[in-house]
Structures are given as structure tokens and as C-alpha cells.
Amino acid sequence: MKYFLPLLVMLLHFNNIQAQSSSAQMQGTVTDDKGNAVAGAAVTIIQTGQGGASTEKGQYTINNIAAGAYHIRVNAIGYKSVVVKATIKSNEHLVLPIRIEADMNMLNEVNVNTKKYNPDNLIDLQRTPMPSMIITRKQIEQMGSRRLDEVLKEQTGLAIVNDIGSGARAIGLQMQGFDSGYTMILIDGQPMTGRNSGNFDLSRITVANIERIEIIKGASSCLFGSDAMAGVVNIVTRQHVSRSQGMAGVRYGTFNTLDANLEGESPFANGKGSGYIAGNYYRTDGFNSNPYLSEGKTVPPYTSYTLQGRAKYMLSTVNTLNFTGRFASRHSINDKSYTGSPTKDILDEDDLNGSAVLNTNLSSGLRIKSQYYLTRYSTGQNITDLTSNEVIPGNNFVQYLHRGEVQASKTWFNSLVVTSGIGTQYETMDNDAYQGGKHQQNSFFYSQGDWKVSDKVGMIGGFRVEHHSRYGSSLTPSFGINYQPVKMLVLKAAVATGFKTPDFGQLYLVFTNFAGGGYTVLGTEQFAAELKKLQDAGEISSVFPNASKVSTLKPERSVSYSAGFTLTPTSSFKIDVNGFYNNVHNFINTDQVASKKGGQQVFSYFNIDKAFLSGLDVGFSWIAAKGLTIAGGYQLLYAKDRGVIDSIKAGTGNYAKVYDPNLGTDRRSKVSDYFGLTNRSRHMANIRFSYEYEPKGITGTFRVNYRGKYGFQESNRSNGFLDPYDTYVNGFFLFNASVQKTFLNKHFAVQLTADNILNYRDMLMPGQPGRMILAGFNYRFF
């Protein structure tokens, strides 16, 4: 890292001189069919993503263009989209006037920042049947967030959940009531691997080099396959490089937290190529939210390094080659002591992602993307009992995923966009808790059509066919429609299907957590043999009746319904309302199947025949005054097992009774006794105040997030569901704020961030830190 900054400065200086001497420029005026200037038109070179918005006089300028043949797309509110061709020579100053045709029924807002051509994925995540949202880099910077979980937990309808035994090592994302295992995490359009206790740990991802975050809420298996039953989070890293520039920044604060970043980018080869590289160093002393923990932290101290890069080179006017690479490493040591023996817990994680992409843009308008992608995630855990010096088995595994895919996209009749893809992926897992290495393979084909039926009606429909090496073939279709009866109102509805195969752990896991109380988890494929071993060894005191129901797991399937509207009564106010209902079959759940003689529990996995997750999302945005924006949202959620409800209504079965400690006896259960699935809040809300005073370079945000009470675990006499007498986490508010000031013509910026201002903590929330105050600065070289 000590050589990184001087090399970066030399590279920026050299390539800046080279770019100034050899690159071309294109400019012109955008006018309508009457010859009037069109202001605010988005002019974009499709192949490179370069572009900008036209001025009040309709003028636009694009600099640093490499020689070649291009397609230039122009979009503007109230006008029909147009694509023109242009050939640019080296060092040429090309004047290209563009005329567009008025279409007063075209009301879709044009966002120059989020509609650029994406070299990683031809699927537009903003054009899917299910509701979607975008978190921009500007929003992330204003929040002062450091890790991905800090950004997502402030979004409407998203909840951050923890595994009680893993603390910050298992910070997952819950969407529409689904556990984190049902949300696919992508980086530049490709799936990431590596889960701890079922959760993909969002805290291992730095947000320093994220250009935007794309989120789909709702079943997305049609486009992305298994693990996308709840939705998709796509992390888009820096893509479009048009000039030489760099950035260095550092933040420091509470818990001895240090976050340091270096970024640099530059075009090369007369603008035909470009490169981007970013490095991040992060460390924290961790924190403790458990007053009964005499030593150690619920979130252990850790150090993390991330190095990420991207390169692009235009092989010809038709073909462009893109490379992406990312390596992250995290090391943590936690000395802790509960009521038992003190232990030293050492965990090392390595995360590698890389891809090679060939983008082909033909003169016919056909776009093709051919890609190979590799991801590798490994974790090594060493737990030592400090009393006996015995080494206790930890979580040790290596996971690989290889993926090859070809995508194609074309616009037909200026109203229908068809995007299709075909590919295969091969996944391996070598885990100490499994018996032998495991692998699985699946092949897939998908297609989606986005059809503008008329000026008021649009439809999106598609399907995916997938063949899994273990579970055979599956079909997941989806369909959505939107209707705009008047200028200010858009109505929308969608139905989509989800499909998820059991993961390696649910099938093959044989794991005893000696450091966490000695509980055992058995995958269904190993269950019978491993339970017999425990019985033969005399470790089992009782086997529950449900143990006889442990069998081969079936894939989970869902049907998701979504309906809502977007209302824009004025240019400064917008509200989105969306209701959702997810009907899940063969829902995989964890339950206790036996007890050990020492009181420890034995768990395994079951298919629940029917479960449902339904609710309502409401979001709004209001430009209250110049520079002041107020935005917020609310989610209502019901997440329940329909089998429990049926049993309570019938007064028979496992859920017919509840123990009332006030009466000291059992009584018949009522439907109102059933709160729902654990770790789901009925109510969640947020509000954000953002202010920007551009003349002085001052920005600030104040955010409030609320999460209602949720069930933690059964603490009353066990009856298999959350009743009023069990353990709950109380509802709580989190208050966050940040302020930033720029100097030296926006080259230098200082920022002060305060998270969890009122210092709210709960021992049942091991990953929630107390109050954090951080200060930092960054300097931009350009």
C-alpha cells in the first residue's frame, strides 16, 4: 500500500497529458421537431457510458472520446428516445446536432446517473416486474457509512438480522420477511458466496468504491435463479472512466475504528482503454452489547483489507473487453468468557471475485455479453479453551463457484426490448463439518420482454428454465403490468414465482458448537446416522416425535404477488405504495429434534408445507425547500406458518395449547396468541432529512430509523410457536446524523458522522453497536 499513492499520482499525471493530446470531442445542440432547444436531455454514448445533460440552450459536450464508431442515445422527458450513429476520428472535434420528436405522453423521468450503459449485465434491474430501488453513491457518501450493512439497514422494508452466537460475523439481510438466505447478493451482476449461520455477512463489504446499489424487492428467480426468492441486492462498482482522477480519504472514531481508502482511475491507449483501482483498510476494536459477558466482545475486533479493480479495452468499434477483480481479507481475534471457560476465538476469511466479459455491440442494435466468473470464499476458525488449551472445532470451509453465461439484448419496433441469457454454474464446498467434499451444478436459460404496448400501458414478462444436478428441472415465470391513466399516477401489478434449492449445510452439516453451549446441528442427509452415533455414545436423553419427520428436503417454491401505485401530484412530491403477498410451499425451517443429557439441543431441518409473508411498503420523497429533501418509508409485515394457524383453529395438533404463567396451567391457543415467525418485526419505519447548500459546499443529513418488537425465542413452555409469554426484542429507535463541508473547489472535504446518537443497545442484538462518532476527510485529485 505504501507504493500505491505515488504510483497512482504518476499514472494520473501521465495519462492526463496523453488524454489531452489524443482524445476526441463531440458537441452539438439538441432540438425538438420545431427547432427549439431541449434542456436536460440525457446524451449518452451507449458503448462507453460517457455522456451528460444538455444545457438550457440545448448544448451538450462529451470529452475524451476514443476514435471509433458509436451509437449515441438521447432521452428527455416528454420526447421519444432516439439513437444516432457517429464515427469519430482521433483528435477530431465533431459537431453533431441532434433532433428529437415530441411525445407528450412519455412521462418517465430520465436520470443521467442511473441509466448509463452497464458493461456487466444487460438486465436492467430498474425494469423488472417486482418493485425496485436505487441507492446512489451520493446518498452513501452523505450518510457517512463504512460497510454495506450500515447502508441497507436504513432502507424501507430491509432489516439487518444477526445470529446470536456469531455476532457481527453473521450480519444478514431480511427482505419482505424472508431470512437472508433467500436474498441473492450480487457484485457487478454476479453472485457472491460464503455464508455464516445462513447469513451472508454484509459487514465484510466496504462501500468505498460502490457506484450504486440496485435492489429488487420480491421473487426474482425468473432472472437470477435460486437464492433470489426474496429479492436481489446488486452492488455496482465504479464503471465509467472518462478522465484521470483519484481520491484518498480516512475516517477515525469510536471503538478505535479506522477506515482508509485510496482510489484511482485513468483512460489509456488514446482513450481506448481505462483502468480503475481501489484499496480499503478497515479496523475496529469491536464492542460489547451483553452485560453478562465479563470478557470479550459480542462483535469481535477485526482488521479487513480490500483491493478491487476494473479494466476496459476497446478491441474494435464493435467489441470491448472488461475485467473485474476483487480480493478481501478479514482477521479477527476474540477473547471471551461467559459463565463457562474462557476461550480465544480466531477467525480468518478470504474472499475472491473475478470476471472477464466480452461486450459486443452490433450495428443492428443487437448487444451480446459473453462472460466467465469465478468466486472463492474461505474461512478458517480456531477456538481454544484457555483453561485446558484444548482446540475446539470451528467453522472451516472453502467454497468455489464457476459461472459461464452469454446474454443478448435487442430492441424491436422501438417498443419491445428482449433480453435473454443462457449459462451454467458449478459450485463446490469443502467443509470440515461435512463428510467429504460436496458439489452441485445447474444450467439455465431465461428471457424477458419489456413491451411498451401504448403510451399508457407497459408490460414486462419472462421465464427461466433451470436444471439442477440434484433436483432436476424447474420453470419460474413472471409477469408485470403498469398503467398510467393520468400524468401524475402510475398503477402497477406483478406476479412472479420463486425457486430455492436446499443449501449444502441443510443437507450435509454435522456441527457441534462447543464454544456456544454445545448445541448440535445435523443436515437431513446425515441425520439418521449421526443421531444413532450420539445415541450409541449415550449422549441423548430424549428424542422428540418430530425427529421421525426428518427426511429428504424438497426445494422451496413461492408465488409472489405485488400491486401498488406511484403518485406524483407535484414535481417536488412523490409517493410509492406497494402491497405484497408471498405464498411459500415447502418452506425450510429449523427445529429441535432431540435433547442431550447435559441439556444441549439437537437441531435439524424440515419442510413446512405452507407459509406466507405479506405486507405493505410505503415510501415518499418531498423537496420541501431549495436544498432540503425529506424522504421516508414504512413497512407493515405479517410472516406466519399457515400450519400453526390451522392447528390453533382446529384445537388439535402440536399448537393447540399454550402455557399461561399467570394461570399456572395450559389453555387452548387462540389465533391472536400467534405472533408469527421469529426475528420479524410487524412495523418498521424511517425518515431522512437531507440538506445541501451548494454555494458553501455544505451537506448534512439527519435520519431516524424505527424497528418494532420481534420474537427472539421460546422461553415459556415450548409449544412450537411464538406466544405472548415468550422472549421478544422491544421496539427501538436509532438516530443518525452526518455533516460535510468541501473546500478548494470541491477537492477537499471533511465529514463528521454520528451513528446511534442515543446509544441504544440490547443484549439480544449482538451486532448493534453503541454510539459511534467518526471524523474524517478525503482529497480528490482531478
Report summary line: Per-residue ellipticity at 222 nm attributable to helices in the chain (runs of n ≥ 4 DSSP H, -39500 (n - 2.57) apiece, nearest 500 deg cm²/dmol) works out to -2000 deg cm²/dmol
Requested in this report: Could you work out, for the chain, what percent of all Cα-Cα pairs fall into each 10 Å distance bin, beginning at 0 Å and stopping at the bin that holds the largest distance?
Outcome: 2, 12, 22, 26, 20, 10, 5, 2, 0
Requested in this report: Provide the gained length on full extension for the span I134 to T727, in nm with one decimal, where the gain is 0.36 nm per separating residue minus the Cα-Cα distance.
Outcome: 209.9 nm
Query raised in the report: In nm, to one decimal, how far is the S469 label point from the D430 one, both placed 7 Å along Cα→Cβ?
Result: 1.5
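Could you give the length gained on full extension between L489 and Y760, defined as 0.36 nm per residue of separation minus the Cα-Cα distance, in nm? Intermediate values should be presented prior to the final figure.
Details: separation 271, 0.36 × 271 = 97.56 nm, distance 4.03 nm.
Fully extending the segment from L489 to Y760 adds 93.5 nm.
Taking the number of other C-beta atoms within 10 Å as the exposure measure, put M184, M488 in order starting with the fewest.
On the way: M184 24, M488 14.
Fewest-to-most ranking of M184, M488: M488, M184.
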Query raised in the report: For R668 and S329, FRET efficiency with R0 = 56 Å and r from the beta-carbon atoms, rounded to 0.05?
Result: 0.50
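Provide the FRET efficiency to the nearest 0.05 for the V418-Q441 pair, computing r from the beta carbons and using R0 = 41 Å.
Efficiency computed from Cβ-Cβ geometry: 0.90.
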Query raised in the report: Given labels modelled 7 Å from the Cα in the Cβ direction, how far is it in nm from W451 to L366?
Result: 2.2
Report task. Hey, for a label at Y252 modelled as a point 7 Å past Cα toward Cβ, could you say which residues of the range 299-331 have their backbone N under 20 Å away? Result -> 301-306
Query raised in the report: Relative to the first principal axis of the alpha-carbon coordinates of the chain, what is the inclination of helix 4-22, with its axis defined by its Cα atoms, in degrees from 0 to 90 and to the nearest 10?
Result: 30
Query - Calculated over the range 211-290: convex hull of Cα atoms, volume per residue (Å³) - result: 159
Report task. Give the order of H585, H93 when sorted by the count of other beta carbons within 10 angstrom, beginning with the fewest. Result -> H93, H585
Query raised in the report: Quick one: helix 527-536 against the long Cα principal axis of the chain, what's the angle to the nearest 10°, folded into 0 to 90?
Result: 30
**Report entry** Potential lengthening between T570 and A356 on full extension [0.36 nm per residue; Cα-Cα distance subtracted]
**Finding:** 72.5 nm
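What do you get for Rg/Rh of the range 532-581 when both radii come from the Cα atoms and Rh is the Kirkwood radius?
Details: Rg = 25.6 Å, Rh = 16.8 Å.
Taking Rg over the Kirkwood Rh, I get 1.53.
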Query raised in the report: Can you list the lysines whose alpha carbon is less than 23 Å from that of K297, not counting same-chain residues fewer than 8 positions off?
Result: K153, K336, K344
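Write down the percent of antiparallel bridges among all DSSP beta bridges whose residues are both part of the chain, to the nearest 5.
Taking every DSSP beta bridge with both residues in the chain, the antiparallel ones total about 95 percent.
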Query - Of K456/K492; K138/K452; K670/K709; K217/K640; K554/K596; K492/K709, pairs whose Cα-Cα distance is over 22 Å - result: K138/K452; K554/K596; K492/K709
Report summary line: FRET efficiency (L628, Q535; Cβ distance; R0 45 Å; to 0.05) is 0.10
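The numbers here are math on the coordinates, done by the rules we state, and not lab data. Note that the structure is predicted; figures quoted are calculated from it, not measured. FYI the Cβ positions are ideal-geometry reconstructions off the backbone, even for glycines, and counts take in every protein chain you see.
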